[in-house]
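Student: My structure is below; once you've seen it, I'll send some questions.
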Amino acid sequence: MKSYHINTGILIFLFIVSLFTACNKDTEETEFEVFADAYTVTKLVDGEPKTAVAFYAYGNKNIAAAKVTPPEGEASSVQLAASDGSSYTFYKEPELEDYKTEWPTEGIYVFDVESTKGETIQETDFLEIIYLEIPEIVSTSFNTNALTLTVKWETIAGADGTVVKLTDKQGNIVFISYGLTPETTEFPLGTGSGTWTSSVNSGDELILQVQSFIIEPGTEEELSIYNIAGIAIGEKEIVWGQ
C-alpha cells in the first residue's frame, strides 16, 4: 500500500475530515449521504491486552445527531458526539472502562444519522474481528540540534499502515503523522513530518503512540481511511527533550 496523507487528527487513531466536504456543499439539492465505520481498538490496559470498539459517521452535510445500535440490540445503543474539527463527523471513542479482555461482538452495527436539516439516513457496518498485534516501541532518541524525536518499533505482521502520535497526559493530541507504509519501522517527529496541533517545550511529559491499522478487506484505496477494521496501539511515556 502506498503512503497517503491524513489531513488532521481527532482522537484514537486519526483526525479525519469527511470525504464529502471537499467537493460538496450543504445544499437542499445534495442528497444526504453518510459513511459508517465501526472498528476495534486494542492496547495494553494495566499490562494486559484489551479491546473496545470505536464508531465514526462521516456525512456530506452537517450532522445533528447520530447513534449506533450494536448486534446486541437497542438497549445497548451508543450516542455519538460531534468532533471538534468538523460538524460533518460524529464519533464515539472508547473510554478506559470500555476496554475488555473479551473480543467485542462481531456482526452488523446500525448507524442512524440525522442532518441539521432534518434529513435521516440509516447505514450499517459489519464489524469483523481481525487480530492485529500491538506495536512494540523498541527505542526513542532525541536530537537536540534538529529538535526531533525518532521512534523505532517492530514490524507488525498483517498491518496496512501505521500512524505515530503524541498526546499530553490528558489525552489531547499534540502531533499526528501522515500515514506510513506497513514496512516503516522508524520515524522522526519534527517539522514537516505531520500535523502539530500545539507546541511542546523541553521537559513536557507526553504519551508517544505507534498505531498500526488494518483496512476492511475489499475496500477501494481511496476509501481506505473510512473503512478501518482495527487499530492496535503501542504506548510509551516520554519527556520531550530527553
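The numbers here are math on the coordinates, done by the rules we state, and not lab data. Quick caveat: nothing in here was measured; it's all calculated off a predicted structure. When we count neighbours, we look across all protein chains shown, and the Cβ atoms used for this are built from the backbone with ideal geometry, even at glycine.
Student: How much net charge surrounds Leu96 when only other residues with a Cβ under 15 Å from its Cβ are counted (Lys, Arg +1; Asp, Glu -1)?
Tutor: With Lys, Arg at +1 and Asp, Glu at -1, the net is -2.
Student: What number comes out for the charge environment of Glu128, summing +1 per Lys or Arg and -1 per Asp or Glu over other residues with Cβ under 11 Å away?
Tutor: -3
Student: Further question: Between Glu31 and Ala75, what is the label-to-label distance in nm when each label sits 7 Å out along the Cα-to-Cβ direction?
Tutor: Taking the two extended label points, one gets 3.7 nm.
Student: With an 8 Å Cα cut-off and a minimum separation of 6 or more residues, compute the relative contact order for segment 34-127 in percent.
Tutor: Working: 216 pairs, mean separation 31.1, N = 94.
Answer for segment 34-127 is 33 percent.
Student: Which value, in Å to one decimal place, does the Kirkwood hydrodynamic radius take for segment 34-127 when every pair of different Cα atoms is included?
Tutor: Answer for segment 34-127: a Kirkwood hydrodynamic radius of 13.7 Å.
Student: Out of every Cα-Cα pair in the chain, what percent are more than 24 Å apart? All intermediate terms of the calculation are to be shown ahead of the outcome.
Tutor: Details: 13469 of 29161 pairs.
Of the Cα pairs, 46 percent sit more than 24 Å apart.
Student: Expected output is a single nm value to one decimal: the length gained when fully extending between Asn143 and Glu205, i.e. 0.36 nm times separation in residues minus the C-alpha distance. What is it?
Tutor: 20.6 nm
Student: Further question on the same structure: Give the span of segment 137-239's Cα atoms along each principal axis, as three whole-Å numbers ordered largest to smallest.
Tutor: Between the extreme Cα coordinates on each principal axis of segment 137-239 lie 45, 24, 23 Å.
Student: If I take every Cα pair under 8 Å that is 6 or more residues apart in the chain, average their sequence separation and divide by the length, what percent do I get for the relative contact order?
Tutor: Relative contact order, the chain: 20 percent.
Student: Using the basic label-point model (7 angstrom from Cα toward the beta carbon), what is the Glu220 to Thr124 distance in nanometres?
Tutor: 2.2
Student: What distance in nm separates the two pseudo spin-label positions at Glu48 and Lys236, each 7 Å out from Cα along the beta-carbon direction?
Tutor: 2.6
Student: Among the lysines, select those whose C-alpha is under 24 Å from the C-alpha of Lys61, and discard any that sit fewer than 8 residues away in the same chain.
Tutor: Output for Lys61: Lys25, Lys92, Lys117.
Student: Lys and Arg at +1, Asp and Glu at -1: add these up for the other residues within a Cβ distance under 14 Å of Leu149 and post the number.
Tutor: -1
Student: If you don't mind, there's one more thing I want to ask. Determine, for Asp168, Asp37, the number of other Cβ atoms within 10 Å of each Cβ, and report the residues in order from fewest to most.
Tutor: Asp168, Asp37
Student: Right, another one. Between segment 30-54 and segment 129-150, what is the C-alpha centre distance in whole Å?
Tutor: The two parts, judged by their Cα centres, are 22 Å apart.
Student: I need the calculated FRET efficiency for the pair Lys152 and Thr197, taking r as the beta carbon distance and R₀ as 22 Å, to the nearest 0.05.
Tutor: In this case the efficiency is close to 0.40.
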